[in-house]
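There's a structure below that I have some questions on.
The values are calculated or read from the model by the stated rules, or taken from the named source; none is laboratory data. Small disclaimer: the values here were computed from a predicted structure and weren't measured. Counting neighbours? That spans all protein chains shown, and the Cβs are built from the backbone with ideal geometry, glycine included.
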Amino acid sequence: MIQLSAAGKRFGHKLLFENVDWLITPRERAGLVGANGTGKSTIMKVLAGLDGLDYGGVARTRGMTAGYLPQDGLSLSGRSVFAECMSVFDDLREMETEMESLMQRMGELDPAGEEYSQVADRFHHLDTEFRTRDGYAIEAQVGTVLSGLGFRKQDWRRRTEEFSGGWQMRIALAKLLLEKPNLLLLDEPTNHLDLEARNWLERYLGDYPYALVLISHDRYFLDVTVERIVEIWNKTIHFYPGNYEKYIQQKTERREQLEAAYRNQQERVQQLEMFISRFRYQASKAKQVQSRIKELEKIERIEIPPEEKAIHFSFPQPKPSGRIVAEFEDVAKRYGSLEVFKDVDFLIERGDRVALVGVNGAGKSTLIKLLAGAEPLSEGEYRLGHNVQPDYFAQDQYKELDPDGRLLDDLAGVAGHAGQTELRSLLGCFLFSEDDVFKRIGVLSGGERNRYALAKLLVRPSNFLLLDEPTNHLDMRAKDVLLDALEKFTGTVVFVSHDRYFIDKLATRIFEVGEGGVRIYPGNYEDYLWRKEGGQIDLTLPDGNGRPASNVAAPVEPAAAPSAESVVKGKRLNPMKLQKLRDRCSELEGLIAELESEIAGHEAALSDFKSAEESRRRMEAMEKSRGELTERMAEWEAVSAEIEANS
């Protein structure tokens, strides 16, 4: 569909990539990855036809269409949200208008006349094309996409210029999805989406009928949407089959192979240079020397670019708090006539890592502000525990920074324990490298200042961190640093994030915010989804308060174990759920072995008759063990089949 041949591109004096060969097929599902500045967005623009190459060429199939969503910068105005999205179908609407006009003419013409026949033929042609392109369902398509991306029905009639930049990008994404180009090019599409909209987009892209290439710093999103990774590395591209998780494994193996080849080449080069140096001036060896000089000149030198080292920053641990960190009792919050919360009860204990989830506008940020004391309660009581020191990271945290301070100096002022090298490494993780560390805070963009504010918070953490979307504006490396810090953190964390991988790795409890209340689920986001889909919740787990568990998700009937046939036909699982299945499989194998041992013990005991009562008791116990063994075997077979289908 599109083919890059020996493609190369420069940015000023810097070579981004060269000798790139890439054939994009009609069903491509690729994730484009690489370090910052390697040219990912540039390649996307080349594929979209918005930028050219300095070397090589681009060949496109005639009639193909490409749709490109940049990271930001799009602005729409002049129409309502619904009308803006409907503009995608202007040609269909014109076709519909012409069909209505043709129907009116047919009603006025003589059915036996030649003109009627011509009009009827035209109408039939248009009607066939209109139905083929699903023209009678365009309003339903627009509604589905807008709802999936988080637009409430009352927002559909609002003017596009009334929305913030992030929502403007959602509108642009909605239009692109409705256009359904042959090649969908998405540069950080999840930047402006909440968790529910991301989940919807994952499903939509899973069913997308054409090719797609996307850039994302969300590991989970890449894992469930792409089938191969295209990495820009060492000024060219490398292909890895599979999702992001498999790419990480294969990349390690490929680098080891490259390093081995580099060592072998260096040994050969040294041998040649030593021979040439030793015998250069001996006439009897002149022929051999010339032969080795030619061999040396023909060697294509292997280059190994410096690998970004993993940063392990030693964060100071806070003073311990009491067991109870925060407690809400009958809390309500209202803004005028708008009631956000009512009768909310929960308790947060030391060491909890609570993720707040819910649809956009449900009140997640409001709840964090209440916990931080940045907003007053309308009703109820909020109690902080003994020795609790809250620290709040807001979405606009950059407003609290000193605009005249220089990054490195300002950070050193709150991190006296760390040296300059450590601080520069930390700033590098948050995308401040080389001379950037000497910039004044006031010259940074909003996103850059928020990244710096997060780095500053991490070098002096309190024992109760309240983080509102800390993963925004971070690349994968920075997210890893943040995640590593919070996993080792001995205090308590309440956070909002739209990164599935981040939540799954960090959260120990999920607070679902919505409908004026807070529902509590133990475990991470994967556990939360499992229970929402029908998994059984254990109400003996702590619900976070000493009172009846009115805010805790109610128990539901456990879902039936899937059959092997249904498993094979189902969609592929995400890596975290797959690992849980593997753990469960190992657990089941242990249980099965124990049950078989129990049954063998009962059978041995029955062969040695002692009394009728003892024999009856043994028989009942053995039958019970056999019944449990049958259940465990059935579950083990289903789990094994699911693992096999997704491995």
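When residues of segment 206-245 are filtered for being more than 11 Å from the chain's Cα centre (by Cα) and in a loop (DSSP other than H, G, I, E, B), how many remain?
Matching residues across segment 206-245 total 10.
So that you can scan it fast, the table gives a plain yes or no per residue for (1) loosely packed, with under 15 Cβ neighbours inside 10 Å; (2) at pLDDT 90 or above:
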{"residue": "M64", "(1), (2)": "no, yes"}
{"residue": "L74", "(1), (2)": "yes, no"}
{"residue": "E84", "(1), (2)": "no, yes"}
{"residue": "L109", "(1), (2)": "no, no"}
{"residue": "F123", "(1), (2)": "no, no"}
{"residue": "L146", "(1), (2)": "no, yes"}
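A further question follows. Find the residue count for segment 362-395, including only residues that are under 25 Å from K505 (Cα atoms) and in a loop (DSSP other than H, G, I, E, B).
6
Here are some conditions: (1) surrounded by fewer than 12 Cβ atoms within 10 Å (Cβ to Cβ); (2) closer than 30 Å to T421 by Cβ; (3) free of Cβ contacts under 8 Å to residues at least 40 places away in the same chain. Q282 meets all but one. Which one does it not meet?
With respect to (1) surrounded by fewer than 12 Cβ atoms within 10 Å (Cβ to Cβ); (2) closer than 30 Å to T421 by Cβ; (3) free of Cβ contacts under 8 Å to residues at least 40 places away in the same chain, Q282 is out only on (2).
Enumerate the pairs (first residue in segment 1-14 and assigned by TED's automatic domain parsing to the domain that holds I232; second residue anywhere and among the basic types (K, R) and part of a strand (DSSP E or B)) with beta-carbon separation below 9 Å, excluding pairs fewer than 6 apart on the same chain, so at least 6 apart or on different chains.
M1/R60; I2/R60; Q3/R60
Which ones in segment 458-499 are closer than 13 Å to Q317 by Cβ and of a type in the set (D, E)?
Listed by number, the list holds a single entry, E487.
Of the residues that sit in segment 317-356 and are part of a strand (DSSP E or B) and among the small types (G, A, S), which one is farthest from G380 (Cα to Cα)?
This residue is A355.
Quick check on segment 481-520: of everything there that is charged (D, E, K, R) and in contact with a helix residue (DSSP H, G or I) (Cβ under 8 Å, 6 or more places away or on another chain), which residue is farthest from L454 (Cα to Cα)?
E512
While we're looking at this one, here's another question. Kindly indicate whether any position in segment 161-171 is in contact with a strand residue (DSSP E or B) (Cβ under 8 Å, 6 or more places away or on another chain) and either crowded, with 20+ Cβ neighbours inside 10 Å or among the aliphatic types (A, V, I, L, M) (or both).
Yes; the residues of segment 161-171 include at least one that is in contact with a strand residue (DSSP E or B) (Cβ under 8 Å, 6 or more places away or on another chain) and either crowded, with 20+ Cβ neighbours inside 10 Å or among the aliphatic types (A, V, I, L, M) (or both).
Take E375 and tell me if it is touching a residue at least 60 places away in the same chain (Cβ under 8 Å) and among the acidic types (D, E).
The answer is no for E375.
Can you go through Y136, Y204, Y208 and tell me which one is without any contact (Cβ under 8 Å) to a residue 60 or more places away in the chain and touching a strand residue (DSSP E or B) at 6+ places or on another chain (Cβ under 7 Å)?
Y208
Within the set of pairs 6+ apart or on separate chains, which have a first residue in segment 620-632 that is assigned to a helix (DSSP H, G or I), a second that is at pLDDT below 80, and C-beta atoms under 8 Å apart?
Listed pairs, sorted by first residue: A621/H602; M622/H602; M622/E603; M622/L606; S625/H602; L629/E596.
Collect the residues in segment 199-216 that are buried (at least 21 other Cβ atoms within 10 Å of the Cβ) and farther than 24 Å from M64 by Cα, keeping them in residue-number order.
S216
Within segment 68-85, does at least one residue satisfy the condition of being of a type in the set (A, V, I, L, M) and over 27 Å from K175 (Cα atoms)?
No: zero hits.
Further question: Take the residues of segment 581-603 that are at pLDDT 80 or above and among the charged types (D, E, K, R): which is surrounded by the fewest Cβ atoms within 10 Å (Cβ to Cβ)?
So, considering only residues that are at pLDDT 80 or above and among the charged types (D, E, K, R), the one surrounded by the fewest Cβ atoms within 10 Å (Cβ to Cβ) is D583.
Which residues, counting only those in segment 245-282, are closer than 30 Å to K577 by Cβ, among the hydroxyl-bearing types (S, T, Y) and out of contact with any helix residue (DSSP H, G or I) (no Cβ under 9 Å at 6 or more places or on another chain)?
The answer is T252, and nothing else.
So, one more: For segment 217-234, give me each residue that is surrounded by fewer than 17 Cβ atoms within 10 Å (Cβ to Cβ) and either of a type in the set (K, R) or farther than 22 Å from A6 by Cα (or both).
E227, R228
If you check H417, H386, which single one turns out to be surrounded by fewer than 17 Cβ atoms within 10 Å (Cβ to Cβ) and at pLDDT 90 or above?
Going through H417, H386 in turn, just one is surrounded by fewer than 17 Cβ atoms within 10 Å (Cβ to Cβ) and at pLDDT 90 or above: H386.
Turning to a different aspect of this structure: For segment 28-50, give me the residue count where each residue is out of contact with any helix residue (DSSP H, G or I) (no Cβ under 8 Å at 6 or more places or on another chain) and part of a loop (DSSP other than H, G, I, E, B).
8
Please give the number of the condition V142 fails out of (1) within 22 Å of M103 (Cα to Cα); (2) β-branched (V, I, T); (3) buried (at least 18 other Cβ atoms within 10 Å of the Cβ).
(1)
Scan segment 52-70 and report the pairs whose first residue is of a type in the set (K, R) and whose second residue is not in a loop (DSSP other than H, G, I, E, B), with Cβ atoms within less than 9 Å and a gap of 6+ or a chain change.
R60/I2; R60/Q3; R60/A66
Looking at segment 630-639, is at least one residue at pLDDT 80 or above, in contact with a Ser or Thr (Cβ under 9 Å, 6 or more places away or on another chain) and of a type in the set (A, V, I, L, M, F, W, C)?
Yes.
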